[in-house]
Amino acid sequence: MIRVRQRFDRPIVTDIDREVHQQLAGLNLQHRVRPGQTVAITAGSRGIANIAQITRAIVAHCVELGLRPFIVPAMGSHGGATAEGQREVLAGYGIVEEFVGAPIRASMDTVIVDTTPQGIPVHFDRLAAEADHVIIAGRIKPHTGFVGEIESGLHKMMLIGLGKAVGAAIYHKAIKDFTFQEIILAVADSVIRKCRVLCGVGIVENAYDETALIAAVPPEAFYEREKALLSQARSWLPRLPFPDVDLLIIDQIGKNVSGTGMDTNVVGRKYNDHAPTELDDARVRRIFIRGLTEMTHGNACGIGLAEFTTRRTVAQIDSEITRVNCVTAGHPTAAMLPVVCETDRDAVEDALSTIGLTPPEHARVVHIHDTLHLETVLVSEVYGKEIKSRTHLEALGGPEPMRFDQQGFLVPLS
């Protein structure tokens, strides 16, 4: 294996507090609010860079306007579909009352604020619905399962996030009968009209899992602005160093990394759980998952997209949390178990025996930490010539044997 460094474009926000303040100040919200009014600020379940600091800066601006802000978890069924579980998810990201300067009010209760033209009830977090205003904050990026002008971002937070478990379940069911775009536009229109949305704060990250852009958006511009931000996010998305891979080894997956544990925009399989399609950028034949992130709290959603894992990884899984999330999302195959091996060495040997006529010494193998962190990766020596021909890749040494410990487990990439 050869250790390789990838170079990506690296725009970055250097002063989070200042940028959030300037963006929100540009909306002149003082003309739309009155001192003493309450404002609910969303916080989701993804591992977004600087999310606690961004949330604190939004709170600070609201306080300057004389508002009384509070935080509401907006994460559908995550956290085991319990209020306490969702509080724990936020705490894992540093979003606690003492740091952000506002109370956190968690509830799984919703109210039905409208019915879409398709006959879908629009569920909305009860506590947010009782507030005088709502600020929708979240990361904008390509979705792991849906494709369109709007994918994962402010609109999805209004649907899935603030719809809580019951709303998320209904919308995911509706996707079987209507397109994602039809549902997202209809529900978002209802939420913006009925739920006093004050503004949005969109976050876009670069390929190094850093804050690259923060944009405050008025509700009437949500669709067009998010469409443009999604295009920007897609251009900054990290990639595997090579699109054709026989075996992809991933140290860890988790909900803080991606909705499917691993980003299908990176590994492929966005349209088919176990095979690349002509629409995927990456063509990966076999995937081996080595573990779960601590911050996923046992949620192994996405492990079903892999072919191999280990007994040690399976022991990390909280079956109930995983079941609730995958069933709510209408993606039960994401919770299915791959072939379970005793050690990493067993998993690698088994995987390489299933890639066809290619002998192991000629296999195209890529080893990554997770799909958010792709600056440094390990690739098999068969890629040696291609490394030299690509200006964005740098070999950090010569080929070395795969490093296993005495128990037969790989040394983590990090």
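Distances between placed amide hydrogens fall under 5 Å for Ala43 paired with Val72, Ala74, all partners being 5 or more residues away or on another chain. Toward the positive end of the charge dipole of the chain, with +1 on the Cβ of Lys and Arg and -1 on the Cβ of Asp and Glu, the farthest Cα among Ala351, Val4, Ile140 is that of Ile140.
What is the sum of charges around Ile387, taking Lys and Arg as +1, Asp and Glu as -1, for the other residues whose C-beta is under 12 Å from the C-beta of Ile387?
Values: positive: Arg3, Arg5, Lys385, Lys388, Arg390; negative: Glu381, Glu386, Glu394.
Result for the local shell: +2.
Based only on Cα atoms, what mean projected area does the convex hull of the chain have, in nm²? Mind showing how you got there, number by number?
Details: hull surface 77.8 nm².
Dividing the Cα hull surface by four gives the mean projection, 19.5 nm².
Would you please put 200-208, 125-133 in order of how densely packed they are, using the mean number of other Cβ atoms within 10 angstrom per residue and starting with the highest?
On the way: 200-208: 23.1, 125-133: 20.8.
Output ranking for 200-208, 125-133: 200-208, 125-133.
With viscosity set to 1.567 mPa s and temperature to 4 °C, compute the Stokes-Einstein D of the stretch 151-193, Rh being the Kirkwood radius across alpha carbon pairs; µm²/s, no decimals.
Values: Rh = 10.1 Å.
Calculated translational D: 128 µm²/s.
Along the axis of the charge dipole computed for the stretch 373-414 (Cβ charges of +1 for Lys and Arg, -1 for Asp and Glu, origin at the Cα centre), the listed residues Gly398, Ile387, Pro412 are led at the positive end by Ile387.
Karplus-based coupling profile of the stretch 306-316, in residue order and whole Hz: 9, 9, 9, 8, 10, 4, 4, 5, 4, 5, 7, with θ = phi - 60° in 6.51 cos²θ - 1.76 cosθ + 1.60 and x standing for Gly or Pro.
Given N residues in the stretch 84-240, what is its alpha carbon radius of gyration divided by 2.2 N^0.38 Å? Numbers along the way, then the final one.
Working: Rg = 15.6 Å, N = 157, 2.2 N^0.38 = 15.0 Å.
Normalised by 2.2 N^0.38 Å, the Cα Rg of the stretch 84-240 equals 1.04.
Looking at the chain, the DSSP beta bridges with both ends there are about 40 percent antiparallel.
Note on the stretch 1-88: Cα-only Rg and Dmax are 17.3, 61 Å.
Expressed in whole Å with the largest first, what are the equivalent ellipsoid semi-axes of the stretch 161-251 derived from the C-alpha gyration tensor as the square root of 5 times each eigenvalue? Write out the running numbers ahead of the final one.
Values: eigenvalues 172, 86, 29 Å².
Calculated on Cα positions only, the semi-axes equal 29, 21, 12 Å.
Its Cα centre serving as origin, the chain has a Cβ charge dipole (Lys and Arg +1, Asp and Glu -1) of approximately 580 debye.
What whole-number value in Å² describes the accessible area per residue of the chain for a 1.4 Å probe? Please list the in-between numbers first.
Details: 16760 Å² over 414 residues.
That works out to 40 Å² for each residue.
Run through every distinct alpha carbon pair of the stretch 113-177 and return the Kirkwood hydrodynamic radius in angstroms, one decimal place. Please list the in-between numbers first.
On the way: mean 1/r = 0.0786 Å⁻¹.
Evaluated over the stretch 113-177, this radius sits at 12.7 Å.
Pop out the carbon and sulfur fraction of the accessible area of the stretch 1-153 as a percent, whole number, probe 1.4 Å. Show your work: numbers first, answer last.
Values: 2890 of 6110 Å².
Ligands and nucleic acids excluded, carbon and sulfur give 47 percent.
Using a cut-off of 31 Å between Cα atoms, the listed pairs Lys141/Lys173; Lys141/Lys164; Lys173/Lys194; Lys255/Lys385; Lys227/Lys385 include Lys255/Lys385; Lys227/Lys385 as exceeding that distance.
Any idea what the dipole of the stretch 267-414 comes to, in debye rounded to 20, about its Cα centre with Lys/Arg Cβ at +1 and Asp/Glu Cβ at -1?
Working: 15 positive and 21 negative charges, 46 e Å.
That gives the stretch 267-414 a dipole magnitude of about 220 debye.
Per-residue ellipticity at 222 nm for the chain, helices alone: DSSP H runs ≥ 4 residues times -39500 (n - 2.57), over residue total, nearest 500 deg cm²/dmol? Kindly include the intermediate steps, with their values, before the conclusion.
Numbers: 13 runs with 117 residues, N = 414.
The helix contribution divided over the chain gives -8000 deg cm²/dmol.
Using the Kirkwood radius built from alpha carbon pairs, what does the Stokes-Einstein equation give as D for the stretch 18-174 at 25 °C and 0.890 mPa s, in µm² per second? List each step's numbers first, then the result.
On the way: Rh = 16.0 Å.
D, rounded to a whole number, is 154 µm²/s.
Each residue of the stretch 110-121 is assigned a 3J(HN,Hα), and the resulting list reads 10, 10, 8, 9, 5, 10, 6, x, 7, x, 8, x Hz, derived from the Karplus form 6.51 cos²θ - 1.76 cosθ + 1.60 (θ = phi - 60°), x at Gly and Pro.
Please get the size of the charge dipole for the stretch 312-381, origin at its Cα centre, with Cβ charges of +1 on Lys and Arg and -1 on Asp and Glu, quoted in debye to the nearest 20.
In debye, rounded to 20, the stretch 312-381 gives about 240.
Only protein heavy atoms count here; under a 1.4 Å probe, Arg87 has an accessible surface of about 80 Å².
The values are calculated or read from the model by the stated rules, or taken from the named source; none is laboratory data. Keep in mind that what you see is a predicted model, and the values were worked out from it rather than measured. Note: ideal-geometry Cβ built from the backbone for every residue, glycine included; neighbour counts use all protein chains shown. Side chains are part of the model used for accessible areas, which takes the heavy atoms of the whole protein and leaves out ligands, DNA and RNA. Shrake-Rupley method; radii C 1.70, N 1.55, O 1.52, S 1.80 Å.
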